[in-house]
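Let me begin by presenting the structure, written as structure tokens, before commenting on it.
The values are calculated or read from the model by the stated rules, or taken from the named source; none is laboratory data. This one's a predicted model, so the numbers in the text were calculated from it and none came from an experiment. As a convention, Cβ positions derive from the backbone with ideal geometry for all residues, glycine included, and neighbour counts pool all protein chains shown. Only protein heavy atoms, including side chains, enter the accessible area calculation; ligands, DNA and RNA are left aside. Shrake-Rupley method; radii C 1.70, N 1.55, O 1.52, S 1.80 Å.
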Amino acid sequence: MAKQRIELLGVPVDICRPEDIESEIMRILEKQGTKQIVFLTIWDLLKARKKRSNLGACIKNADLILPISKSILSGAKFLKLDVPVRYNPFNATIHVLSILDKLYKSVYLLGGRKKALLQAERNVRETFRGLQIVGRFVGYFSKDVESDVVQAIRKASPSLVIVGDGIKEKNLWSYNRRDSFSSSIFLYYKDCLGIFSDRIRRVSAKTFDKGMEIWSEILHNPLEIFLIFPYCYYLLLLLGTRLFGNRSKAVITPSSEPENDNQDKSETEASKENT
């Protein structure tokens with residue numbers, strides 16, 4: 001089954017079954033230019049709705065948009081849309097790397113502190129023997145060296161660039177510089193390099209499946225308790241769309257030739273009646 005793209009509150013979300021991920025990655029690899037895979041959270045979805053939002057444009061232009069927040073699935077179900085598959089970002093990243101490993105592709109690691117980045121590189125190299133690591137650069141770099149980073153990635157031309165912590169613009173970093181790269185897939189996942197270096201504990205599968213990973217984030221940063229307010233806003237948006245919105249525009253369907261054929265037939269029949 002091919003990937004399907006829906007719109008939830010005006011923001012695109014992809015429905016891609018786990019068994020279709022490999023073929024989708026292959027399709028993306030064949031495309032020219034800068035490509036992007038986005039792990040979509042409910043918070044990114046709300047930010048992307050803002051008018052003149054660069055994040056909104058970034059997500060709409062992404063090649064694969066995988067929801068990682070349980071609230072996105074419940075929102076789609078509430079609006080009676082096709083419900084996407086929710087992905088654990090760590091497991092999805094491992095799956096992508098495994099696909100590239102089988103194809104003997106290459107990866108570039110961007111982000112993190114020096115020690116964590118070096119350890120992450122060692123662990124990735126040991127785990128994915130067929131995957132070539134063509135470069136790395138630490139995060140938290142200054143504007144003065146940014147052009148060097150961009151040039152290094154362009155010259156290395158990796159199949160995948162994993163963007164981790166220390167990249168302030170997150171998903172927007174590659175999107176805002178998309179014309180500066182040759183042909184690479186960019187994947188932003190903040191904790192990726194930290195987990196690869198064993199410096200960050202990843203959320204357990206049980207916690208993630210219950211949609212309770214926010215509580216571990218609150219334990220690390222108590223100020224995130226205030227996310228309750230944008231979450232309530234999200235619920236109000238869903239309710240308003242359910243009551244007053246036009247859900248028929250929620251699904252993006254590509255233009256198909258059969259519809260044009262039917263239209264041509266109807267016009268032919270009408271002309272026959274007139275004659």
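Side notes on the structure shown:
- Taking the criterion of being assigned to a helix (DSSP H, G or I) and small (Gly, Ala, Ser), the residues of the stretch 110-147 that qualify are Ala116, Ala120, Ser147.
- Contacts under 6 angstrom Cβ, first residue in the stretch 48-72 being within 14 Å of Trp173 (Cα to Cα) and touching a residue at least 60 places away in the same chain (Cβ under 8 Å), partner open to solvent by 20 Å² or more (accessible area, probe 1.4 Å) and of a type in the set (D, E, K, R), 6 or more apart: Leu55/Lys47
- Flag for Tyr87 being closer than 20 Å to Glu24 by Cβ, open to solvent by 60 Å² or more (accessible area, probe 1.4 Å) and outside any helix (DSSP H, G or I): no
- Flag if Lys47 is surrounded by fewer than 18 Cβ atoms within 10 Å (Cβ to Cβ), of a type outside the set (Gly, Ala, Ser) and either part of a loop (DSSP other than H, G, I, E, B) or touching a Gly at 6+ places or on another chain (Cβ under 9 Å) (or both): yes
- Residues of the stretch 173-203 satisfying the condition of being surrounded by 18 or more Cβ atoms within 10 Å (Cβ to Cβ), part of a helix (DSSP H, G or I) and touching a helix residue (DSSP H, G or I) at 6+ places or on another chain (Cβ under 9 Å): Ser174, Tyr175, Cys192, Leu193, Gly194, Ile195, Phe196
- Options Lys115, Lys143, Lys155; residue that is in contact (Cβ under 8 Å) with a residue 60 or more places away in the chain, more than 22 Å from the chain's Cα centre (by Cα), open to solvent by 40 Å² or more (accessible area, probe 1.4 Å) and on the phi < 0 side of the Ramachandran plot: Lys115
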